[in-house]
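Below is one structure, written out as structure tokens, with a few remarks after it.
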Amino acid sequence: MSDNTKNLIEGRTGMWEVVLGLEVHAQVISKAKLFSGAATAFGAEPNSQVSLVDAAFPGMLPVINEICVEQAVRTGLGLNAEINLKSVFDRKNYFYADLPAGYQISQYTQPIVGKGTIILDLPDGSRREVGITRLHLEQDAGKSLHDQHPSKSYIDLNRAGVALMEIVSEPDMRSSDEAAAYLKKLRSILRYLGTCDGNMDEGSMRCDVNVSVRKPGDPYGTRCEIKNVNSIRYVAQAIEHEARRQIEIIEDGGTIKQETRLYDPNRGETRPMRSKEEAHDYRYFPDPDLLPLILEQSFVDGIKAGLPELPDAKHERFVKEFGLSDYDAGVLVAERETAAFYEQAAKGRDPKLTANWVISELFGLLNKEGKTITESPISAAQLGELVGLIQDNTISGRIAKEVFAAMLETGKSAPAIVEEKGLRQVTDTGAIDAAIDDILAKNADKVAEYRGGKDKLFGFFVGQVMKATGGKANPAMLNERLKAKLQG
Amino acid sequence: MSELTHLTMAAALEGLKAKKFSSRELTDAYLAAMEKHRDLNAYITETPDKARAMADAADQRRAKSEANGLMDGLPIGIKDLFCTDGVLTTAGSHILDGFKPTYESTVTTNLWRHGAVMLGKLNLDEFAMGSSNETSYHGPVINPWKRKNSDVKLVPGGSSGGSAAAVAARLAMAATGTDTGGSIRQPCAFTGTTGIKPTYGRCSRWGIVAFASSLDQAGPMARSVEDCAIMLSAMAGHDPKDSTSVDVAVPDFRKALTGDIRGLKVGIPKEYRLDGLSPEIAKLWDEGVAWLKAAGAEIKEISLPHTKYALPTYYIIAPAEASSNLARYDGVRFGLRVPGKTLDEMYELTREAGFGKEVKRRVMIGTYVLSAGYYDAYYLKAQRLRALIARDFTEAFKDIDVVLTPSTPSAAFGAGEQSDDPIAMYLNDVFTVTVNLAGLPGISVPAGLDSQGLPLGLQLIGRAFDEETLFRVGQVVEKSANFTAVPAGY
Amino acid sequence: MSLDTKAVAHIATLARIRVPEQDLAGLAKELNGIMTWVEQLNEVDTTGVEPMTGVEQRGLPQRPDVVNDGAMPDKILANAPEPAHGFFTVPKVVE
């Protein structure tokens, strides 16, 4: 915490530290629900993916989906966490319109995954470890629609019973940047693992933020929980607003009331949730319809053996093996697909050169067109070919940009375009010498000035020769020959 | 016709096989009896059309020699706690007003697969909470038995009171029951019928309205040990839809009825000899001991030291689970809805109107013992006691094969006699509730009449999944007792 | 330990059962009677005894990840008190 001064917020009474813990609900990637055989697909007709179990009809009983268990264990391993070989499902009892049974099956005292860690990659390039408290499996609730009728709420149970992983962090974060970095990293890991698609728009990853403020060095303040913030940007905004709100209250002599709040992105403020006003008493107890979940160590080991290389390991390898900068490695590993694209393009090529092309040229293009890496109009193999042409001096970097543009336009490969347009770099000393001689002859006055000490004119000669060769002269060779000739 | 309704299932199966009568004739005889004795209020819903159609189908199978089911053509009643596809299912409660499931419970599905014929849905205490069948929204059930020279209406016991009364009064050959603390065995004892609560996990709970999930178990109620054996073979079996259903083979329980109990070790728990145990019950128990000894069994006194804590343990665990299980009755997706201005008001008004007094009492107790600050003192304490009660049995079964006890501390009592005092009512289950807590099988067999002419039962408790021993010993008790009494007028 | 009418009212709220004001005292008396009776469990020293949550000690059975249920909105809504446009309905909720 020593270098945390940069994160402090200035109030009237001095500097404040914001303390953040995140609870992320990540929808497990599975075909069927946690305790029923109904489908989990997004966007279906209302109540069309609901079994009798999900709707809590009398006498219905839950049976657990093995893939959901496997996904939770996989995620736990991806978060360097302890896997509990015995875990227990509890009932969390409360009444709500979209909670058909009047209880949610969750895990309370004995979750499937215990303590773990996650490493944040912060915008300034630094890295920071945040503790994971636990991960447990639980059922999602249904959806209430409040805007369909003047006096009624409509209930759709399609989502009721879908498996969620609730991933709880330690209160280790100190700024909205860190919270955003946490969410990005967690989402990246979940996507690498294939356990959650991390899609916040569709609600498959949702975030509750616990926010409190304190004077540096003081004990933790009273926290407020901001529910269901559905984008990383809003999480950051909600934190800023909530921290400001709390600081103002305390500085005005008030105290913070522990409560659940909602973030309203339109108004840029948080407000208390009416439905959560009443103090809760969830009356957790072990679900008598389910037995303890017992896992074999060999089952866990099997999943561990099959884990993909995760972003941190990949990052380290990119730096070590490819000599990439921390920054470039970080950018390339953030998404599994990007890393895969890069590795394919870099196969047999100069890894640093490839990284530059992926990060500056390709990302620039994708950003402009609003596309993801998987939708890239230029394949990894095609980009690799282009890098290859630069690497073996067939074309210069500058020409390569032209080729890149032509590839986009025509869909043709880089070698084909180079041949077609005759863009092959001139490396013939005779041809380069001839071009230099011609330019020097036409500019005798400038040659004299140069020789008289006006070194800046070197660039002028380079430009003129390049122009004369249609940009195809090998730049290194041109420099070398030009220098020799000018020195006469 | 009335002769048909006096046959046991075993005898009726012989008659059907020999084409002495058809399933339709048998079924019509029962439908007529049901109509005649509606005053007992045993059935909430009669399903005569369905019964006749199923009977006709059974007769057609018989004609084609395809009647392979264990109960092919036998008409039975179903406790109205089992969900039946398209047939009103009430759990004895107003809150399930008009509820017609779109699904069929696993146990009833098994019974229909074995060719059984459904006569209707039997009355019960609301959500199976009660020991007298007086808590049903559909009114109390009357016990067909009466005290000598008395017209006082007696309760049939509960919660499977409709099932017991129907079987005793010959309004069904047999019936399904469920037993959470004694709800099969106590009404069987009160009506001179036989019923077994199988080992927890033996019968699927899928499609049975839940009361207390860790204790509920379905079982047969019939007029002989053999009939119970037949019916349990048809009902039981592993169900992947119930995570607590156990994957063990279901034997043909009839094969266990060898009559040979020589060398079997029978435990007599000293703690069951309660202070103030009625002398008649004590005498019957002694007779039972004598019968088994005479049949070659070895009698041993055993100790089940935590017995006296079983009822209070039960009255924490069962309401706790029930308070959660009954949260789904909220007026949103099925059953009764009392409109309210807000969601919470709708919940509160619906549940106020929909639940009866005893159900509310238990939901409140259950809510309380699970609530913050009380969980450890009550719920967790009760679970530790439950472990000790189960351990008592585990220890005892190291030395013995079966336990013999009375089924109930008294014979059937009069309507209204105990309904004002919940604890007095709860004490009806004092001999049966330990079995549920330990998850063991227990059978109640009618063993004699008291001085007022009312039936009394003896209970046998076995090891987990050893229902066969219970049937074998139970039949020895049955034969020794030679219980042939039938309530007057039936 | 004794439950007063305020505590009973709180339990009733948690359980979402309306209890008329005039019934609270009587209900408190009944519940207290039962709770006093169950408190005899305190006679038993249960130190070190593992709580028994259920009868079985084997692990939880699991099912394969197969979609074989759902897709029956008509059945799901068949018993609903006031369905509308394929939804269940409740009095409007303000979050």
| field | Residue count, the stretch A:280-319 (criterion: charged (D, E, K, R), open to solvent by 40 Å² or more (accessible area, probe 1.4 Å) and touching a strand residue (DSSP E or B) at 6+ places or on another chain (Cβ under 6 Å)) | value | 1
| remark: Within the stretch B:438-473, the residues that are assigned to a helix (DSSP H, G or I) and of a type outside the set (Val, Ile, Thr) are B:438, B:467, B:468, B:470, B:471, B:472
| field | Identity of the residue in the stretch B:209-265, open to solvent by 20 Å² or more (accessible area, probe 1.4 Å) and on the phi > 0 side of the Ramachandran plot, that ends up farthest from the other protein chains (Cβ to nearest Cβ) | value | B:259
| request: List every residue pair whose Cβ atoms sit under 8 Å apart, with the two residues 6 or more apart in sequence or on different chains, where the first one lies in the stretch B:51-80 and is more than 20 Å from residue B:232 (Cβ to Cβ) and the second, anywhere, is open to solvent by 70 Å² or more (accessible area, probe 1.4 Å) and not in a helix (DSSP H, G or I). | output: B:61/B:68; B:62/B:19
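Identify, from the list A:76, A:59, A:116, A:125, the residue that is of a type outside the set (Asp, Glu) and surrounded by fewer than 20 Cβ atoms within 10 Å (Cβ to Cβ).
A:125
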| task | Among the numbered conditions (1) modelled with pLDDT under 95; (2) more than 14 Å from chain C (Cβ to nearest Cβ), tell me where residue A:165 comes up short. | result | (1)
| message | Based on this model, can you work out whether residue B:361 counts as in contact with a helix residue (DSSP H, G or I) (Cβ under 9 Å, 6 or more places away or on another chain) and surrounded by fewer than 24 Cβ atoms within 10 Å (Cβ to Cβ)? | response | yes
| helices (runs of 4 or more DSSP H) contained in the stretch A:415-488 and holding at least 1 residues in contact with a Ser or Thr (Cβ under 7 Å, 6 or more places away or on another chain) | A:429-442, A:475-487
| query | Looking only at the stretch C:37-95, which residues are part of a strand (DSSP E or B) and over 23 Å from the mean Cα position of the chain (by Cα)? | reply | C:62, C:63, C:84, C:87
| message | Going by what's in this entry, would residue B:69 be described as open to solvent by 10 Å² or more (accessible area, probe 1.4 Å), within 14 Å of another protein chain (Cβ to nearest Cβ) and not basic (Lys, Arg)? | response | no
| note | Note: among A:160, A:141, just one is among the aliphatic types (A, V, I, L, M), open to solvent by less than 50 Å² (accessible area, probe 1.4 Å), within 30 Å of residue B:323 (Cβ to Cβ) and within 11 Å of another protein chain (Cβ to nearest Cβ), namely A:160
| request: Identify, by number, the condition in (1) touching a helix residue (DSSP H, G or I) at 6+ places or on another chain (Cβ under 6 Å); (2) within 22 Å of residue A:77 (Cβ to Cβ) that residue A:312 doesn't meet. | output: (1)
| note | Residue hits (the stretch A:213-267; in a helix (DSSP H, G or I) and of a type in the set (D, E, K, R)) are A:233, A:240, A:242, A:244, A:245, A:248, A:251
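Each row is one residue, and each column tells you yes or no for (1) over 30 Å from residue A:220 (Cβ atoms); (2) exposed (fewer than 11 other Cβ atoms within 10 Å of the Cβ); (3) of a type in the set (Phe, Trp, Tyr).
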| residue | (1), (2), (3) |
| --- | --- |
| A:8 | no, no, no |
| A:15 | no, no, no |
| A:23 | no, no, no |
| A:29 | yes, no, no |
| A:39 | yes, no, no |
| A:42 | yes, no, yes |
| Looking at (1) under 24 Å from the mean Cα position of the chain (by Cα); (2) open to solvent by 10 Å² or more (accessible area, probe 1.4 Å); (3) more than 7 Å from every other protein chain (Cβ to nearest Cβ), which is the one condition that is false for residue A:98? | (1)
| task | Any chance you could count how many residues in the stretch B:38-79 are more than 23 Å from residue B:99 (Cα to Cα), out of contact with any helix residue (DSSP H, G or I) (no Cβ under 6 Å at 6 or more places or on another chain) and not in a helix (DSSP H, G or I)? | result | 5
| field | Residue among B:403, B:435, B:476 that alone is surrounded by 20 or more Cβ atoms within 10 Å (Cβ to Cβ) and assigned to a strand (DSSP E or B) | value | B:403
| query | Counting just the residues of the stretch C:69-89 that are touching a strand residue (DSSP E or B) at 6+ places or on another chain (Cβ under 6 Å) and not hydroxyl-bearing (Ser, Thr, Tyr), which one comes out surrounded by the fewest Cβ atoms within 10 Å (Cβ to Cβ)? | reply | C:82
| said: Looking at residue B:413 and the list (1) within 11 Å of chain C (Cβ to nearest Cβ); (2) within 21 Å of residue B:126 (Cα to Cα), which single condition is not satisfied? | reply: (1)
| Which is out of contact with any His (no Cβ under 6 Å at 6 or more places or on another chain) and outside the structural domain of residue A:480 (by TED's automatic domain parsing), of A:412, A:442, A:446? | A:412
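The values are calculated or read from the model by the stated rules, or taken from the named source; none is laboratory data. What you see is a predicted model, and the numbers here were worked out from it, not measured in a lab. Note that each Cβ is placed from the backbone with ideal geometry, even for glycine, and that neighbours are counted across all protein chains shown. Just the protein is used for accessible areas: all its heavy atoms, side chains included, with ligands, DNA and RNA removed. Shrake-Rupley method; radii C 1.70, N 1.55, O 1.52, S 1.80 Å.
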